[in-house]
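A.B. asks: Attaching a single structure in structure tokens format; questions to follow.
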Amino acid sequence: QVPKMQRLVSASHHAGLNAAKNGADILKVCAGDTFIGSDEKRNLAAARFLDTAGIHAQTLGNHEFDITASICGNLLKDSKVKTLGMNLNFPNDSSPLAQKVLRSTIVEGDSGEKYGLIGVQPSDLASRIKKKEILEGITTDDKEQTMRELQEEVNKLKQQGINKIILLSHEGN
């Protein structure tokens, strides 16, 4: 079986070749679960891989919380990858993860087209992880609130002239 990251490079490479031939923009994104388990060296390698692979943006999945939110934030602090989490609520803005997570971002493709990217975490994040204390007080909005805020974020991007909006979701259903 081919490891996930190796498949990612292979998929983006082949898709990129075809897209480049057609003059299409290539956006590289990740929908979460990049960090799995508590092996800090492996997770740091995964974070560096995202930078090396030129990933534009990522959202966090439940496995990023196999480690504490502080450790996750420290692993991401020097990353060039935009980390998106529109429906995450932080108990304070001073945590390393709170300082790294954005609600959305705008990425410009090689053609000059601009794309809005929004990230959503599972609304049941606390039930998908081993220990709630790992979240360090972080909560996620329920599905209804997430949908309302998602529409608000889409409207904000549209007001900025963005008409291509991509949702990076680890929500599931």
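The values are calculated or read from the model by the stated rules, or taken from the named source; none is laboratory data. Worth saying up front: this structure is predicted, and the values here are computed from it rather than measured. Every residue, glycine as well, gets a Cβ built from its backbone with ideal geometry; the counts of neighbours run over all protein chains shown. The area values use the complete protein model at the heavy-atom level, side chains included, leaving out ligands, DNA and RNA. Shrake-Rupley method; radii C 1.70, N 1.55, O 1.52, S 1.80 Å.
A.B. asks: Quote the charge dipole size of the chain about the Cα centre in Debye, to the nearest 20; the model charges only the Cβ of Lys and Arg (+1) and of Asp and Glu (-1). Write out the running numbers ahead of the final one.
C.D. replies: Working: 22 positive and 22 negative charges, 86 e Å.
With Lys and Arg at +1 and Asp and Glu at -1, about 420 debye.
A.B. asks: Where both residues lie in segment 51-173, what percent of DSSP beta bridges are antiparallel, nearest 5? Kindly include the intermediate steps, with their values, before the conclusion.
C.D. replies: Working: 7 of 17 bridges.
Around 40 percent antiparallel, to the nearest 5.
A.B. asks: Okay, moving on. Hey, which of these cross-link pairs are over 25 Å Cα-Cα: 132/164; 100/143; 28/132; 132/158; 41/131? The partial results should precede the final answer.
C.D. replies: Numbers: 132/164 36 Å; 100/143 23 Å; 28/132 31 Å; 132/158 36 Å; 41/131 21 Å.
Going by Cα-Cα distance, 132/164; 28/132; 132/158 fall outside the 25 Å limit.
A.B. asks: When only alpha-carbon atoms are used, what values of Rg and Dmax, in angstrom, describe segment 86-173?
C.D. replies: 14.4, 45
A.B. asks: May I have the pair-distance distribution P(r) for the chain, computed from all Cα-Cα distances with 5 Å bins from 0 and rounded to whole percent?
C.D. replies: Result returned by the calculation: 1, 8, 17, 21, 20, 16, 11, 5, 1, 0.
A.B. asks: Would you rank 113, 153 by solvent-accessible area, highest first, keeping every protein chain in place and using a 1.4 Å probe? Working shown, then result.
C.D. replies: Values: 113 75, 153 10 Å².
Ranked list, largest accessible area first: 113, 153.
A.B. asks: Give me the accessible area of residue 44, 1.4 Å probe, in Å² rounded to the nearest 10.
C.D. replies: 60 Å²
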